[in-house]
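Notes follow once the structure below has been shown.
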Amino acid sequence: MENQEKLDEFQARIDAGEKIEPKDWMPERYRQQLIRMMSQHAHSEIVGMLPEGNWIERAPSLKRKLVLLAKVQDEAGHGLYLYSATETLGIDRDELVDQYLYGNAKYSSIFNYPTMTYADICAIGWLVDGAAIVNQTMLARSSYGPYSRANVRICKEESFHKKQGYEMIAKMASGTPEQQKMAQDAVNRWWWPSLMMFGPHDSDSPNSAELIKWQVKLKTNDELRQHYVDRMVMEAEAIGLEIPDPDLKYNEETGHWDFGDIPWDEFWDVVKGNGIMNRERMKARRAAHENGEWVREAANAYARKKKLQQEKAS
Amino acid sequence: MTTETKELTKKEAFLVYLLRLADDRLILGQRMSEWCGHGPQLEEDLAMANMALDLIGHATALYEYAAEIEDEGHDEDHFAYFRDDRDFTNLQLCELPKGDFGFTIARQFLFSAFSYFQYERLKDAKDEQFAGMINKHLKEIKYHLRHAREWVIRLGDGTEESHSRIQESFDELWMYTGELFYMDEVDKLMIKEGLGVDSSQFKNEWKKLVEDTLTEATLTVPDWDQFMMSGSRKGIHTEHLGHMLAQMQFLRRSYPDAEWK
């Protein structure tokens with residue numbers, strides 16, 4: 001049992017808005033929740049490279065190819081510092097990677113949808129990174145210091161990602177008839193999955209209350225989702241794209257946009273592994289890991305040899 | 001039909017020269033970008049995306065300048081998306097499939113080492129805009145060379161498996177290295193105008209760097225006098241290039257009137 005006095009003291013620090021640092025005392029449950037959330041965030045950045053990487057080679061202009069490359073490079077970087085931040089909680093990156101490649105650890109379900117057309121890449125930038133920013137802006141104020149700082153850094157780069165996606169989908173929306181069709185089709189397919197990125201409704205989200213109590217999260221899934229919808233409705237309207245929700249309606253009383261029922265059955269199907277790309281994503285990541293084993297072994301063997309040589313010399 | 005060859009003008013030669021440099025970088029960058037999300041470790045995913053970004057960025061700048069020199073209302077995308085296999089003048093070395101990580105590294109090392117010596121000299125070209133560009137890109141090439149060189153040593157002197165894998169890659173790549181030093185009337189005119197470099201002048205330095213690195217990596221230096229491939233600067237390629245271009249160009253060519261920038 002953890003000492004109640006310590007728990008109270010910890011809660012008092014949280015309530016006073018203090019940041020918790022790696023060497024500080026923390027409840028085991030707080031540590032576990034953070035490991036789960038942060039590593040899931042890291043895995044998502046890595047898996048997220050695959051649907052976007054799918055269009056680097058086919059990007060329709062050199063400028064767009066460079067933008068996409070810069071974006072996936074950022075994502076690898078985000079993965080890297082999120083893993084480092086998670087390691088401050090006393091767990092190795094190797095172990096975390098094992099947990100998602102061969103165990104039960106999850107990554108964001110959004111990446112289990114296919115990027116069929118180039119407009120999907122633009123929709124990901126606008127809608128998916130847009131949703132990620134809403135989430136990460138909140139996480140930048142999270143109570144755990146290393147996670148908070150990682151998100152501050154990530155947010156800066158994500159806003160560039162969102163901007164380029166929005167800019168290009170806007171161009172397509174006012175482009176040739178084929179481009180317009182492609183852009184609208186992408187929005188139709190990515191809208192609901194984007195809303196699902198905020199997770200289940202608060203009533204179905206068992207971890208929420210605890211995470212908010214500890215200020216790991218500062219807002220609930222539904223609050224974040226509403227904030228996102230309000231913003232996206234305006235952005236879609238500005239570029240002449242339609243949001244595929246017949247129930248979308250401005251509510252004078254609340255000052256928010258009401259929206260239709262989220263297809264949760266689909267969400268849970270994808271979470272359970274039945275999205276179009278679930279198997280492919282895992283196969284690709286496992287293959288990368290397994291095909292890279294000889295490289296990592298060689299690097300380790302070489303480092304050992306050099307160390308031994310140095311020790312002998314001195 | 002006439003077989004008489006017209007003498008190259010400085011402008012024509014400069015355009016060809018810029019396109020050869022740019023094509024090498026675009027095609028190699030395109031190959032490198034195939035690694036995205038499939039690297040052996042996260043640090044290398046980052047490094048390879050970064051190098052692909054540099055290479056394609058360098059190509060873009062060179063194509064932009066080529067469009068300016070050509071002065072026919074084209075832009076950089078024209079050269080990347082609307083030329084065919086026979087128009088591309090990249091080295092065959094650059095278009096070969098990415099292979100395993102060792103193959104990618106071995107190729108990157110051979111190419112970066114060549115680029116390094118080439119750019120070290122090109123940076124003094126008698127054309128301010130061109131020289132400025134080269135100078136800027138040289139900084140990144142130095143990083144690519146260091147990165148690839150360190151990996152050649154690590155893999156060569158790592159485990160038995162990594163040693164034999166990268167040795168095989170060098171053996172396979174060797175016959176594509178002859179073309180690095182190919183020179184024709186375009187190069188001669190560019191050298192005369194102070195815009196190009198004489199690659200024979202640094203061939204020994206390049207060979208020495210390659211030999212020293214392979215030796216440090218406990219690898220065997222393949223036979224320099226073996227048969228060497230040729231023809232890429234005149235648009236002769238392996239069958240791999242066509243497939244790459246088909247993929248790279250399909251969307252842009254399907255909707256050529258659309259705005260894609």
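Report, by residue number, each residue of the range A:166-177 that is part of a helix (DSSP H, G or I), in contact (Cβ under 8 Å) with a residue 24 or more places away in the chain and within 14 Å of another protein chain (Cβ to nearest Cβ).
Scanning the range A:166-177 gives A:Met168, A:Ile169, A:Ala170, A:Met172, A:Ala173.
In the range A:21-53, which residues are hydrophobic (A, V, I, L, M, F, W, C) and closer than 26 Å to A:Ser108 by Cα?
Within the range A:21-53, A:Leu34, A:Ile35, A:Met37, A:Met38, A:Ala42, A:Ile46, A:Val47, A:Met49, A:Leu50 meet the criteria.
Can you find a residue in the range A:230-243 that is in a loop (DSSP other than H, G, I, E, B), of a type in the set (Asp, Glu) and over 20 Å from A:Ser109 (Cα atoms)? Lay out the reasoning, then the answer.
Pass one, the range A:230-243, residues in a loop (DSSP other than H, G, I, E, B): A:239-243.
When the remaining residues are screened for being of a type in the set (Asp, Glu), the result is A:242.
Right, trim to over 20 Å from A:Ser109 (Cα atoms) and you get A:242.
Checked against the condition, which is being in a loop (DSSP other than H, G, I, E, B), of a type in the set (Asp, Glu) and over 20 Å from A:Ser109 (Cα atoms), the range A:230-243 yields at least one hit.
Inspect the range B:32-39 for any residue being crowded, with 21+ Cβ neighbours inside 10 Å, more than 8 Å from chain A (Cβ to nearest Cβ) and not aromatic (Phe, Trp, Tyr) and give the result as yes or no.
yes
Of the residues that sit in the range B:210-252 and are of a type in the set (D, E, K, R), more than 9 Å from chain A (Cβ to nearest Cβ) and in contact with a helix residue (DSSP H, G or I) (Cβ under 7 Å, 6 or more places away or on another chain), which one is surrounded by the most Cβ atoms within 10 Å (Cβ to Cβ)?
B:Arg233
Within the range A:178-211, count every residue that is modelled with pLDDT under 95 and either touching a helix residue (DSSP H, G or I) at 6+ places or on another chain (Cβ under 8 Å) or assigned to a helix (DSSP H, G or I) (or both).
Here the count works out to 12.
When residues of the range B:149-189 are filtered for being assigned to a helix (DSSP H, G or I) and within 14 Å of another protein chain (Cβ to nearest Cβ), how many remain? Give the derivation first.
Here is the first cut: in the range B:149-189, the ones assigned to a helix (DSSP H, G or I) are B:149-156, B:160-176, B:178-181, B:185-189.
Next, only the ones that are within 14 Å of another protein chain (Cβ to nearest Cβ) stay: B:149-156, B:160-169.
Qualifying residue count for the region: 18.
From the list B:Arg107, B:Arg86, which one is crowded, with 17+ Cβ neighbours inside 10 Å, modelled with pLDDT of 95 or more and in a helix (DSSP H, G or I)?
B:Arg107
Taking B:Ala80, is it more than 13 Å from chain A (Cβ to nearest Cβ) and either without any contact (Cβ under 8 Å) to a residue 12 or more places away in the chain or not aromatic (Phe, Trp, Tyr) (or both)?
Here the answer is no, as B:Ala80 does not meet what is asked.
Please go through the range A:244-262 and give me each residue that is touching a helix residue (DSSP H, G or I) at 6+ places or on another chain (Cβ under 6 Å) and part of a loop (DSSP other than H, G, I, E, B), ordered by number.
Listed by number, the residues that qualify are A:Pro244, A:Phe259, A:Ile262.
Given (1) surrounded by 21 or more Cβ atoms within 10 Å (Cβ to Cβ); (2) within 14 Å of chain A (Cβ to nearest Cβ), where does B:Leu21 come up short, assuming only one miss?
Every listed condition holds for B:Leu21 apart from (2).
Among the residues in the range B:3-14, are any of a type in the set (A, V, I, L, M, F, W, C), surrounded by fewer than 19 Cβ atoms within 10 Å (Cβ to Cβ) and more than 10 Å from every other protein chain (Cβ to nearest Cβ)?
yes
Listed here are the residues, each with its yes/no results for (1) surrounded by fewer than 23 Cβ atoms within 10 Å (Cβ to Cβ); (2) hydrophobic (A, V, I, L, M, F, W, C); (3) within 13 Å of chain B (Cβ to nearest Cβ).
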| position | (1), (2), (3) |
| --- | --- |
| A:Arg58 | yes, no, yes |
| A:Leu66 | yes, yes, yes |
| A:Ile91 | yes, yes, no |
| A:Asn104 | yes, no, no |
| A:Thr115 | yes, no, yes |
| A:Asp120 | no, no, yes |
| A:Thr137 | yes, no, no |
| A:Ser148 | yes, no, no |
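Filter the range B:64-77 down to residues that are away from chain A (no Cβ under 11 Å) and in a loop (DSSP other than H, G, I, E, B), then give me how many there are.
First, pick out the residues of the range B:64-77 that are away from chain A (no Cβ under 11 Å): B:65-74.
Retained after the next criterion (residues that are in a loop (DSSP other than H, G, I, E, B)): B:71-74.
Here the count works out to 4.
Do you know which residues across the range A:265-300 are touching a Leu at 6+ places or on another chain (Cβ under 9 Å), aliphatic (A, V, I, L, M) and within 18 Å of A:Ala105 (Cα to Cα)?
Within the range A:265-300, A:Met277, A:Met282, A:Ala284 meet the criteria.
Give me the pairs: first residue in the range A:238-249 and charged (D, E, K, R), second residue part of a loop (DSSP other than H, G, I, E, B) and at pLDDT 95 or above, beta-carbon distance under 6 Å, and six or more apart or on different chains, which are they?
Hits for this filter: A:Asp245/A:Phe259; A:Asp245/A:Gly260; A:Asp247/A:Gly260.
Take the conditions farther than 22 Å from A:Asn221 by Cβ and polar (S, T, N, Q) and apply them to A:Gln136. Does it pass?
Considered against the rule, which asks whether it is farther than 22 Å from A:Asn221 by Cβ and polar (S, T, N, Q), A:Gln136 comes out as no.
Restricting to the range A:212-229, name every residue that is among the polar types (S, T, N, Q) and assigned to a loop (DSSP other than H, G, I, E, B).
A:Gln215, A:Thr220
Does any residue of the range A:280-295 turn out to be within 10 Å of chain B (Cβ to nearest Cβ) and of a type in the set (Val, Ile, Thr)?
Taking every residue of the range A:280-295 in turn, at least one turns out to be within 10 Å of chain B (Cβ to nearest Cβ) and of a type in the set (Val, Ile, Thr).
Go through the range A:1-58 and give me each residue that's within 30 Å of A:Tyr118 (Cα to Cα), among the polar types (S, T, N, Q) and not in a loop (DSSP other than H, G, I, E, B).
The answer is A:Ser39, A:Gln40, A:Ser44.
Within the range A:27-47, does at least one residue satisfy the condition of being within 14 Å of chain B (Cβ to nearest Cβ) and over 19 Å from A:Ala140 (Cα atoms)?
yes
Are any residues in the range B:108-167 of a type in the set (Lys, Arg), in contact (Cβ under 8 Å) with a residue 24 or more places away in the chain and under 23 Å from B:Phe181 (Cβ atoms), and if so, which ones?
Correct list: B:Arg121, B:Lys126, B:Lys142, B:Arg149.
Go through the residues of the range B:164-177 one by one and say whether even a single one is small (Gly, Ala, Ser) and farther than 18 Å from B:Leu96 by Cβ.
Here is the first cut: in the range B:164-177, the residues small (Gly, Ala, Ser) are B:164, B:169.
Still in the list and also farther than 18 Å from B:Leu96 by Cβ: B:164.
Within the range B:164-177, one or more residues are small (Gly, Ala, Ser) and farther than 18 Å from B:Leu96 by Cβ.
The values are calculated or read from the model by the stated rules, or taken from the named source; none is laboratory data. None of the values given here were measured: they were computed from a predicted structure. Note: ideal-geometry Cβ built from the backbone for every residue, glycine included; neighbour counts use all protein chains shown.
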